[in-house]
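Take a look at the structure below.
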């Protein structure tokens with residue numbers, strides 16, 4: 001948990017983001033569960049019934065919109081982790 005997942009999207013919004021950011025990745029999510037893998041991310045249209053929201057998606061649903069992905073894991077030392085001000089799961093455990 002805590003890994004960052006990047007996605008290059010397929011839609012017109014992704015093209016606009018690529019042009020404006022000068023980068024091919026257009027979307028980012030946070031892995032909040034590993035069994036099953038659940039991604040927390042903001043989206044304009046991944047859920048057609050609710051636009052412009054923050055949602056939880058399975059890995060399969062998150063990847064459905066992807067041309068390519070990358071995953072980044074931060075390897076913080078124990079000392080660095082102890083200094084982090086946020087050490088809770090925001091109540092997400094009740095969502096799985």
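Listing for the model above:
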read-out	value
R0 of 25 Å, Cβ-Cβ distance residue 60-residue 12: FRET efficiency to nearest 0.05	0.60
Spin-label model distance (nm) - residue 67 vs residue 21, 7 Å beyond Cα toward Cβ	1.3 nm
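Just so you know, all these numbers are worked out from the coordinates, no wet-lab data involved. Being a predicted model, the structure only gives us computed values, none of them experimental. Positions of Cβ are backbone-derived with ideal geometry, glycine not excepted, and every protein chain shown enters the neighbour counts.
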